[in-house]
Amino acid sequence: MNPVQQMAIRQLEEKLHLFSSAVNGTFLSSKDFVLSNTRISTDTFNLLLPTSVQIQDPQKVKAAIEHMQSHKLIFSTWVDHIILQPDWADVLKEYHLQEVERNTIMMLEQTGDIEPVTSSSLTIKEVIDDQTLLDYKDIFIELFKGSNEAAALEDYFQHFSIEALHSKARMFVGYEHRQPVTTGLLFETNDSYGIYDVITRAEHRGKGLGSDMFHYLLTQTENKQKCVILQASTDGQNIYQRAGFQPIGEMVVFE
């Protein structure tokens with residue numbers, strides 16, 4: 001695995017750690033994997049992330065999965081395609097974890113050339129109080145409307161502490177005509193930024209509001225020489241490439 005892909009995995013690992021601590025969850029780190037356990041049955045925030053191609057301690061891996069399953073805690077597994085070799089493929093199959101999607105890991109080398117948005121109808125506020133957090137939560141959970149995951153995420157945000165993020169993760173809400181319509185998250189590590197959760201309410205899509213939020217996040221990087229990493233769906237990959245992002249790998253998601 002090349003250093004850039006390792007950096008992408010490290011970034012995701014740090015984000016998982018931070019967002020489990022934000023609800024007083026637990027974070028297990030081993031030589032083969034990390035596991036974020038919020039103690040809430042959510043496959044959005046409970047996540048098993050393999051970090052080694054060859055599993056050195058199979059029993060520890062199996063014990064972690066069995067712990068989640070025995071406590072009826074739903075979780076997802078995100079595996080870099082380079083790590084998805086027989087060791088991990090066999091474990092995932094043994095525990096009946098099914099592939100549900102693949103995302104392209106993409107990187108922008110620096111943000112020094114990003115110009116501010118001046119023509120957008122969007123007013124963007126950082127999540128720093130209860131009202132903006134509520135607006136962020138409502139847009140986020142709307143993606144899962146009518147599912148068990150929506151109820152789990154309500155529980156997650158009931159326990160969520162903005163203060164626990166320690167300014168490493170900055171959450172934003174975009175408002176159009178004073179109505180909350182889109183969200184975005186900018187996450188910082190020592191060597192990179194990450195963009196996550198760019199979500200637009202269904203009835204407001206197709207107007208470029210999500211793109212405006214995405215562009216705004218790029219303008220919020222303090223160190224313009226740091227790279228930015230994100231994970232793109234098939235639909236979003238062309239949008240990010242037009243912004244200068246290049247594919248560096250692929251993440252496979254199992255549930």
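Using Cα centres only, tell me the gap between region 1-69 and region 227-255 in whole Å.
21 Å
State the extension gain, in nm to one decimal, for the chain segment bounded by Q54 and V4, taking 0.36 nm per residue of separation less the distance between their alpha-carbons. Before the final figure, lay out the partial values.
Working: separation 50, 0.36 × 50 = 18.00 nm, distance 1.96 nm.
Contour length minus Cα-Cα distance gives 16.0 nm.
What figure in square angstrom, to the nearest 10, would you give for the accessible area of K125 with a 1.4 Å probe?
100 Å²
Reported to two decimal places, what Rg/Rh ratio describes region 23-166 when computed on Cα atoms with Rh from the Kirkwood expression?
Ratio of gyration radius to Kirkwood radius: 1.03.
Of T219, T200, L185, which is farthest towards the positive pole of region 145-223's charge dipole, taken about the Cα centre with +1 and -1 on the beta-carbons of Lys, Arg and Asp, Glu respectively?
Selected residue: T200.
Net charge near H17: determine it from the other residues with C-beta under 13 Å of the C-beta of H17, scoring Lys and Arg +1 and Asp and Glu -1. Show your work: numbers first, answer last.
Values: positive: R10, K15, K168; negative: E13, E14.
Within the 13 Å Cβ shell, the charges total +1.
In the neighborhood of S121, defined by Cβ-to-Cβ distances under 12 Å, what is the net charge if each Lys or Arg adds +1 and each Asp or Glu adds -1? Each step should come with its number before you reach the end.
Values: positive: R178, K207; negative: E176, D212.
Neighbour charge sum, excluding S121 itself: 0.
Summing +1 for each Lys or Arg and -1 for each Asp or Glu, what net charge is found among the other residues whose Cβ lies under 9 Å from the Cβ of F172?
Working: positive: K125, R170; negative: E126.
With Lys, Arg at +1 and Asp, Glu at -1, the neighbours total +1.
How far apart, in nanometres, would the label points at K207 and D113 be if each is projected 7 angstrom from Cα along the Cα-to-Cβ direction?
Those two pseudo-labels are separated by 3.1 nm.
The values are calculated or read from the model by the stated rules, or taken from the named source; none is laboratory data. For clarity, every value in this text was computed on a predicted model and none was experimentally measured. Counting neighbours? That spans all protein chains shown, and the Cβs are built from the backbone with ideal geometry, glycine included. For the accessible areas, the whole protein counts, side chains as well, though only heavy atoms, and no ligand, DNA or RNA atoms are used. Shrake-Rupley method; radii C 1.70, N 1.55, O 1.52, S 1.80 Å.
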